[in-house]
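A short write-up of the structure that comes next.
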Amino acid sequence: MNFNTAALIAVLSFNCLLAGAADITGGVFDSTTKKPLPGATLIIVGTNLGAVTDENGRYAIQDIDPGVYVLEISSLGFKRITREIRLEKKTSRIRIDFSLEESVAELDAIIVRGESEASVIEQEPIRVSAIDTKELRIQSIGAADVLKTTTGVVVRRSGGLGSTADVQLNGLSGQAVRIFYDGMPLEFLGGGFDLTNLPVSVIERVEVYKGVVPINIGTDALAGAINIVPKSLYTDLVEASYQFGSFNTHMASIIANKKISDRFAVSLNAFHNFSDNDFQMEGIPNKTVVDSIPDRFGNGFQLVFEDVPIDNARRFNNRHRSTFGELGIHLRDMNWADELSLYTTYSTRFDEDQHGFRIDAVAVGDANRSSNGFTHRLKYTKALFNNKLRFKYHGVFAHGEQSAEDASLFEYNWFGEVINELDELAGEISGSATRITVDRLSQAHRINTTYEFSNNHAIKFSNFYSRLEIEGEDELGLRVDIGGELIDPNEFPSTLITNISGLEWNGKWLKNQKLNTILFGKYYYYDANATDVQSTVRTDNLQLRTVNEETLGYGAGIKYSFTDDLFIRASFESAYRLPTDLELFGNFLGVFPNYEIRPEQSDNFNVGINWKKRCKNNFFIKTSINGFLINTEDLIWAQPFGQEGSRFENNRDTQTLGLEWSTEIRPDQYSRLVINITDQERTYQGFEASSQSQGATFIGTAFPNTPFFFYNLQLALGAKSLRQIYPNIQLYASLFHTQEFSITDIPANGDPLPQNLIPTQDEVNVGLGYTTDNEKLSSSVQVNNVLNSFDLFDNFRIPKPNRNIQLKITYKLL
Amino acid sequence: MQLQHPRSVSFRLLISILYSLSATIFVSCGDDDDGTTMDLDPVEEFVRLTVVDPSEESLSIQNLGTTEVDITNFQLCLGPGQYNVLSNYTAITGDLNLAVNETVVIDLTSGSEGVTALPDDSGGLGLFSIGGEFNSSDPEIIRDYVQWGSADQNRVDQAVAAERWDNATSFINGFAPYTFSGGSDDVGVSFWNTVDAEDVRLKSGFIINVATPNGDRLVKYFSTLPTGTADLTDGEVFQESFFDPEDIFNGELYTSRVDGSGAFAKMGVNGNGELVEDGVLTLPSNDNSFLIKVVDETTGLLHDRGKPAEISVFNPATMQIDGTIDMSAGMVPSTHRYQTFVISGDEVYAAVRPAQGGTFNTFIFHIANFRTGQFVGQTEFPTGPTTFLTPFGQNWMDDAGNIWVPNGGAIFETNFVSSIHRVPSGSSQFDDYSFVPALAANPLNQLFPQTGQVYFLSNNRAVALVITEVPDGVIDLLQSVGGNPANLSQEQIDQAINLFFIEETGRWVELDLEAQTAAVITGLPLQGGFAQTFVAEINGLIYLSITSTTEDAFYTYDINTKQAQKAFDVEGGSIIGLYDLSQNN
């Protein structure tokens, strides 16, 4: 398969290389202020050629065949202009500058064509993938689906819309991967939304920073960071979408923006999701009464149970409901602010839990979780000194409440029937009944400052500060005896303060800025405060515990452009991941505190080569090959502790070595093929002295539950011939392949047991989209898991939904 | 093929009389040079061994002829000095007067001498007629023969000469029981079948399991105790904590089901040394439970966390619950479950613990009669906050019937002291016995006199892992507060606890429970005071696990000679257990 794909790319590339072409370069400026206009769009009408200006207002459109073209230039808040351009055969490069006048309305300006913002981001010296959702917006997918279409990313869920998702990036997962919404860590945004319930309609793009994370994004990520960038508009627009389909799934979203004046706009971004998620599963053990036998003490009969595999298990306690609404007020071009946005968000969600980590013979029938909260965000930007000094602030205050109820008097089988009534409330998932509510009060503030010494050198400073206060109540949970009074330990508040500062120097060197460099350092600090419950019990007096630590990280990146189409880059970061409150303070349910725990540390090395080519016949190809090496030390891991229980400790080192290949081919402006292949291996490398002998023989063996080879293919088909007959129709399909892997350790000389293997999986989704001529109305029908495979699994062999159909309609009112 | 018997009936009668006399006075199986031979009743040649089972010490004899045969006086012989007449054995099914096609199954263990067991590895068994003089070297009186395991077993030459076996070098190679598939005329190895390795359940050998870095269980079978290094790097891996046996009975390990489904399983070892699930007991409730105990072939006890006020009685053969004992009459401080069972006669002593985290301030036994299904009483001992130490198997009761309770204390609450208490033999109530092993081992360890595990032996002896060393960091902390532990701040106490945990502070000691003394077992390295440890008694030696920064190993300790030495290293992970399939715990 790899060979065939490579051959196809080679042939197509050769065809492309036969064509000769010219380049247009130049700059776009504000006609009034004469300032450069970053983000302005230039397109050659009738082609898919185009560009977006960089932060200095510069652009370059390459490989344009001789001929006469109309060049359209637009930018938010400015009047669109068109210019005719004639390219003679002997022309190889021309330079044209444009000046734009401010405009009242410029609807189409928000449609990014040619070199998108995502493409620009991908050309940074550090390794980053950016997925532009523009071409995905008619599809029935969400943020998690968008995310997994890039290389090196595995998204594993516990089933259906809204279900818990674990993101694995370059072999690392959990706390090593940080997820941001509009540059702000998700955990500070109220808890009502995340990757699993954000529809694609409200997303501008998804940025995936692998390994090395720039100072303006990162907090304390080890494996990388994922930033979901919402749509942000400064024009009049109302776009609504509604999706419905199998399992009683409904997803509605609306984006509305009203430009009141040149300096004032309001926006609304909202969605509502609902799904029963009641898909069917095969091969599920189902607790069944198979017999009754006489009681040996003469007390009637005893029922005999067996776990009988069934192929028609249906998830019946799996509903998801979420609502999100965000109102925004936007000011721009004020004396005191270039841009100021205020957002108020309310989000709420409710999720039923059908099972725990794994599926067993008894279905969970009553457990559920919910959360809701208000979030207030402020974004501010101001440029000074002729745009040489740029200042950005993004702050958030959030108050959220999260609840979890795992207390039932019943036990259910996989037909949803009650098979056992209990004498007292019991936990269906956890070992004991719980009905916990946690109040989370959080704030986070990020400051980014950039000062450009010249066109080639800039220095950036970033500071991220966050404070999280948690207080809870579990009306059914453990009580500790303090001075004769039984106290719910969840009632003791805890706080976690984090501050991460970064200083970065960007340099551009050599002729035409062929060499780009980044050098940065980060300062990590955390301060955790909680009640030391065990000490409080010992002394009968409230004992507060403070833990703080500081450390330094650093990194560098370099990019060399051989041409505008070919560059290589390499980057390195020594990064840290700070302990969480659970890892520090435990949970009163078997996890003991460890006040001595250290941050996890990793050294990330990345190297890659990127090449793209655009041809006269609109053929476009882009490919990149990247290698990465991540050495993680002091991995925080739960270990058995005491007579029973566990404690998080820094006791192992791992190494992840990987290779990624990504290629995008556009035979014409209507079709697209994207191939992303990841081959990686994460292995144990060492163990801390106290556990040295325990794992010595596993050094060099695979870290469990980590896929090592996977690829995805994304195909959008609207070939020219097809478009001539059905001009508004697009066919699209995707294939996700994951090679077999083990969820347990594999001994040096052994093989994993079959029951511990996740088999090789191929998930195929297909869709058909239709868009009207004026692009106001679009609709699609999508069939997921079209092969109806019951051998598709998420985390720990949890089956994915069987074949399902989703319909989606999107309509632009303005 | 039929044998030829040319001699006359009168001659056979004479020889029979003489032989009976001689057999009565001195059976001559061991005398290979006994001389005379005689004619036998032709019908006896159709009496055949049809099943030979060294694993169960039984055999089947069938009359494949057309005439009834009395085999009461037939002899079994394994070789010189190993013989016995069938009349000395108990028939499991059938009798020794075999009708046509009738089979008798003999329990060899019922014989008082001679052939009371069949060698597992290799052997040759002859069936002799005593229709006349018994001479095991005489081919004429061998009625049937079978050899297994290896060639050239005792009496094979006679059997071949008598055409009762095909070749001295041919033998049955496979797993018992060996079953005869031929007809009355067929002899030799080609007519004997063995059991497929997958269908065999080994009753001897050892299982070792270790924890992998991910907490998974790596498991391997060893037919004999390893020497040098027990290499588990090619063992089977089960998911986390899903293979931690609670009990062994009749070669089956009773454990939580390895797929994590919350049920119990009994797992045997097949002929390939692989663990096989031989039965599953699905609990009525869905709570994971880990407490299961087999009493005998038909009775076992388990506790279902979803039914805290009950003890369930099950049949290990069918793995079905067929009785429940209502324990609601027992006193409990709050919601509870049972942590371990101690079997004393027909009574079970069920140790009470909190249903979830935390501790009780008193140790409580609920007592029930599992034959009648009745709650019979309780006993308690005020320990202070306690978590108690529960090693594998039925170890809290010694040979004299004393029940010993190792109270681990509760390090994260107020009780740093581990102690031992007792329900004396003949009583159902705690007496006032109390013993702190760590203080006996090191009186200076006043701050943290903790015990990691206690294993009780006979004669008031026990071995225990106790904290004998005080880390330098703790000494520094104490010196910083004037040497008085009472002056330590809470943070300093936490630091001290952490040091005790992460440093190698524990040693195996031998306890004299009566004298309340502790003697460090010399020759064993230090290890973590709270390391996962395991103790087993095998062949008169005590196997003690060592998990330290430098080794994972089992050492043997001879309680009589007080000598300890390394038995074998373990490679593949940190030691969880060593299980002897031949022992019923």
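Only the coordinates and a few stated rules stand behind these numbers; no lab work does. Just so it is clear, the model here is predicted, and its values are computed rather than measured. Cβ atoms come from the backbone with ideal geometry, glycine included; neighbour counts cover every protein chain shown.
Mind listing P(r) for the protein assembly as shown? All alpha-carbon pairs, 20 Å bins, whole percents.
9, 30, 30, 19, 9, 3, 0, 0
Kindly give the semi-axes, whole Å and largest first, of the ellipsoid equivalent to region B:77-226, taking each as the square root of 5 times a Cα gyration tensor eigenvalue.
After diagonalising the Cα gyration tensor, the semi-axes are 35, 18, 16 Å.
Any idea what the relative contact order of region B:86-204 is, in percent, if you count C-alpha pairs under 8 Å spaced at least 6 apart?
That works out to 15 percent.
How big is region B:297-395 along each principal axis, measuring the range of its Cα positions in Å and listing the largest first?
Cα spread of region B:297-395 along its principal axes, largest to smallest: 40, 28, 25 Å.
Could you give the dipole magnitude of region B:180-322 about its Cα centre, charging the beta-carbon of Lys and Arg +1 and that of Asp and Glu -1, in debye to the nearest 20?
Charge dipole, region B:180-322, about its Cα centre: 400 debye, nearest 20.
If you take the charge dipole of chain A about its Cα centre, with +1 on Lys and Arg Cβ and -1 on Asp and Glu Cβ, which of A:288, A:747, A:387 is farthest toward its positive end?
Of A:288, A:747, A:387, it is A:387.
Jot down the radius of gyration and Dmax of region B:427-571, Cα atoms only, both in angstrom.
Spelled out, the Cα radius of gyration and Dmax of region B:427-571 are 16.5, 51 Å.
Below 20 Å, Cα to Cα, which lysines can residue A:287 reach? Residues fewer than 8 away in the same chain don't count.
Here the lysines satisfying the reach criterion relative to residue A:287 are B:266, B:307.
Long-range amide H contacts for residue B:387: which residues qualify at under 5 Å (H placed 1.01 Å from N, peptide plane, sequence gap of 5 or more or a different chain)?
It is B:408, B:409, B:410, by chain and number.
Quick one: dipole size for region B:250-379, taken about the Cα centre, charges +1 on Lys/Arg Cβ and -1 on Asp/Glu Cβ, in debye to the nearest 20.
About 460 debye.
Sort all Cα-Cα distances of region B:511-585 into consecutive 10 angstrom bins from zero, then give the percent of pairs in each bin up to the one containing the longest distance.
Spelled out bin by bin, region B:511-585 gives 18, 49, 30, 4, 0 percent.
Per Stokes-Einstein, at 10 °C and 1.306 mPa s, what whole-number D in µm² s⁻¹ belongs to region A:144-205, with the Kirkwood radius over Cα pairs as the hydrodynamic radius?
129 µm²/s
Each residue of region A:382-390 in turn: what ³J(HN,Hα) in whole Hz from Karplus with 6.51, -1.76, 1.60 and θ = phi - 60°, glycine and Pro shown as x?
For region A:382-390, the Karplus curve yields 8, 10, 10, 6, 6, 6, 7, 10, 10 Hz.
Which ³J(HN,Hα) values, rounded to whole Hz and listed in residue order, are derived for region B:256-269 from phi using the Karplus coefficients 6.51, -1.76 and 1.60 in 6.51 cos²θ - 1.76 cosθ + 1.60 with θ = phi - 60°, glycine and proline given as x?
Karplus-based 3J(HN,Hα) across region B:256-269 equals 4, 5, 6, 8, x, 7, x, 9, 9, 9, 10, 10, x, 10 Hz.
Counting only helical runs of four or more DSSP H residues, what would the 222 nm mean residue ellipticity of chain A come to if each run contributes -39,500 (n - 2.57) and the total is spread over all its residues?
-1500 deg cm²/dmol, from helical runs alone.
Could you tell me the distance between the Cα centroids of region A:225-267 and region A:144-207, to the nearest Å?
Value for the Cα centre distance between the two parts: 19 Å.
Which order do the peptides B:367-377, A:130-140 take when ranked by the mean count of other beta-carbon atoms within 10 Å per residue, highest first?
Ranked from most to least packed, the peptides come out as A:130-140, B:367-377.
Excluding same-chain residues fewer than 8 positions from residue A:148, which lysines have a Cα within less than 27 Å of its Cα?
A:134, A:210, A:231, A:559, A:612, A:613, A:622, A:800, A:808
Convex hull over the Cα atoms of region B:202-265, averaged projected area in nm²?
Mean shadow area of the hull around the Cα atoms is 4.7 nm².
For residue A:814, which sequence-distant residues (separation of 5 or more, or a different chain) have an amide H within less than 5 Å of its own amide H, given hydrogens modelled in the peptide plane?
For residue A:814, the qualifying residues are A:238.
From the phi angles alone, apply the Karplus equation (6.51, -1.76, 1.60; θ = phi - 60°) to region A:168-178 and give each ³J(HN,Hα) in whole Hz, x where the residue is Gly or Pro.
3J(HN,Hα) across region A:168-178, in whole Hz: 10, 10, 6, x, 9, 8, x, 5, 6, 10, 9.
For a bin width of 10 Å, list the pair-distance distribution of chain A built from all Cα-Cα distances, rounded to whole %.
Pairs per bin, as whole percents: 2, 12, 22, 26, 21, 11, 5, 2, 1, 0, 0.
Inverting the mean 1/r over all pairs of different Cα atoms, compute the Kirkwood radius of region A:611-678 and quote it in Å.
That comes to 15.8 Å for region A:611-678.
How large is the dipole of region A:349-490 about the Cα centre if only Lys and Arg carry +1 and Asp and Glu carry -1, each at its Cβ, rounded to the nearest 20 debye?
The calculated dipole for region A:349-490 is roughly 2380 debye.
State log₁₀ I(q)/I(0) for region A:390-439 at q = 0.15, 0.17, 0.23, 0.28 Å⁻¹ as given by the Debye formula over alpha-carbon point scatterers of equal weight, solvent excluded.
Rounded to two decimals, the profile gives -0.57, -0.65, -0.88, -1.04.
Report the rotationally averaged projected area of region A:564-712 based on its alpha-carbon convex hull, in square nanometres.
12.1 nm²
Using a 10 Å cut-off around each Cβ, can you sort A:637, B:148 from fewest to most neighbouring Cβ atoms?
Sorted ascending by nearby Cβ count, the order is A:637, B:148.
Restricting to Cα atoms and excluding each atom paired with itself, what does the Kirkwood estimate give for region B:471-531 in Å?
Taking the inverse mean of 1/r over all distinct Cα pairs, region B:471-531 comes out at 13.3 Å.
For residue A:511, which aspartates and glutamates qualify as cross-link partners when the Cα separation must be under 15 Å and same-chain residues fewer than eight apart are set aside?
Result set, ordered by chain and number: A:564.
Placing +1 on the Cβ of each Lys and Arg and -1 on the Cβ of each Asp and Glu in chain B, which of B:93, B:165, B:80 has its Cα farthest towards the positive end of the resulting dipole?
Among B:93, B:165, B:80, the one farthest towards the positive end of the dipole of chain B is B:93.
For chain A, what does the relative contact order come out to in percent, with C-alpha contacts under 8 Å and a separation of six or more?
10 percent.
Relative contact order for chain B: what percent, with Cα pairs under 8 Å and sequence separation of 6 or more?
The value is 9 percent.
If each residue's Cβ is checked for other Cβ atoms within 10 Å, how do A:45, A:591 rank with the fewest at the top?
A:45, A:591
So what's chain B giving for Rg/Rh, alpha carbon basis, Kirkwood Rh from the mean inverse pair distance?
So for chain B, dividing Rg by the Kirkwood Rh gives 1.09.
I need two numbers for region A:405-553: Rg to one decimal and Dmax as a whole number, Cα atoms only, in Å.
Every Cα atom of region A:405-553 included, Rg and Dmax give 25.5, 80 Å.
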